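Undergrad: This is the structure I want to talk about, given as structure tokens.
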Amino acid sequence: MGAKFGGGAVDFARAKFSGGSVNFRRAKFSGGVVTFTDALYSGGMVDFEDVTGTPQDWGPFPPTGSGG
């Protein structure tokens, strides 16, 4: 909760989110490239509540910041 991603590349491409919870709540995306391209999502929850900034590619997650 409250992670900061900036100044470099963070690549969640083809990451698999399944059966558990992943919390990006209050994460800050700035000054770098963050992608969820072709990430796989099934079951569980991926939480993007109160995110600042936006990834360059949300992949399967809605760009409103509400995954799951």
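A short reminder: the numbers here are calculations on the coordinates, not readings from a lab. For clarity, every value in this text was computed on a predicted model and none was experimentally measured.
Undergrad: List, in order, the whole-Hz ³J(HN,Hα) value for each residue of the stretch 43-58 obtained from phi through the Karplus relation with A = 6.51, B = -1.76, C = 1.60 and θ = phi - 60°; use x for Gly and Pro.
TA: Rounded to whole hertz, the list is x, x, 8, 10, 9, 10, 4, 6, 6, 9, x, 9, x, 6, 9, 7.
Undergrad: Another question, then. Can you list the residues, at least 5 places off or on another chain, whose amide H is less than 5 Å from the amide H of ASN23, using H built in the peptide plane?
TA: ASP47
Undergrad: Quick one: which residues, 5 or more positions from TYR41 or on another chain, have an amide H under 5 Å from its amide H? H modelled 1.01 Å from N in the peptide plane, none for Pro or chain starts.
TA: Under 5 Å from the amide H of TYR41: PHE17.
Undergrad: Moving on to the next point. How big is the convex hull of the Cα atoms of the chain, per residue, in Å³?
TA: Values: hull volume 4.4 nm³, N = 68.
Value for the chain: 65 Å³ per residue.
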